[in-house]
Amino acid sequence: MKLLFDHNLSPALVRWLAPEFPGSTHVADEGLDKATDDEIWKFAKDHDLAIVTKDADYSDLSTVRGFPPKVVWLQIGNCTNRQVETLLRTHLAALEAFETDTKLGVMALY
């Protein structure tokens with residue numbers, strides 16, 4: 001699964017999680033650091049990326065528009081970057097299953 005990390009997450013996550021999620025990127029690395037949610041949505045869809053965010057807006061977009069792109073919604077409040085890294089690694093198998101699930105567009109992680 002290739003991930004697109006949203007504004008509200010550290011660009012360092014791309015490097016830290018590269019072994020588990022090769023081909024992932026951050027919005028800032030793609031020149032999307034000032035982009036709207038719609039622009040990020042289109043980029044993710046066009047590049048076969050799942051959006052990783054703490055923002056409920058992408059879950060709402062998925063409800064209205066369907067998927068792709070898929071959305072990984074991190075519902076963990078204030079936390080360190082390392083806690084985000086650990087959360088994604090801990091749920092690696094579930095994320096791999098989510099990637100191929102044809103019925104689900106949003107996966108919430110706690």
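The values are calculated or read from the model by the stated rules, or taken from the named source; none is laboratory data. Because the structure is predicted, anything quoted here is derived from the model rather than measured. FYI the Cβ positions are ideal-geometry reconstructions off the backbone, even for glycines, and counts take in every protein chain you see.
Annotation: of all residues in the range 8-24 being among the hydrophobic types (A, V, I, L, M, F, W, C) and loosely packed, with under 15 Cβ neighbours inside 10 Å, the one that is nearest to Leu88 (Cα to Cα) is Ala18.
Would you mind telling me which numbered condition in (1) surrounded by fewer than 19 Cβ atoms within 10 Å (Cβ to Cβ); (2) more than 16 Å from Arg89 (Cβ to Cβ) Ser62 fails? Against the list (1) surrounded by fewer than 19 Cβ atoms within 10 Å (Cβ to Cβ); (2) more than 16 Å from Arg89 (Cβ to Cβ), Ser62 comes up short only on (1). Considering the range 47-110, the qualifying helices (runs of 4 or more DSSP H), each wholly inside and each with 3 or more residues that are of a type in the set (S, T, N, Q), run over 56-65, 81-90. Quick check: anything in the range 25-47 surrounded by 13 or more Cβ atoms within 10 Å (Cβ to Cβ), touching a Lys or Arg at 6+ places or on another chain (Cβ under 7 Å) and of a type outside the set (S, T, N, Q)? No, that holds for no residue.
Exactly one residue among Asp33, Asp55, Asp48 is at pLDDT below 95 and within 14 Å of the chain's Cα centre (by Cα), and that residue is Asp55. Residues of the range 1-29 that are without any contact (Cβ under 8 Å) to a residue 40 or more places away in the chain, in a helix (DSSP H, G or I) and either closer than 25 Å to Thr100 by Cα or in contact with a Ser or Thr (Cβ under 7 Å, 6 or more places away or on another chain) (or both): Val14, Arg15, Val27.
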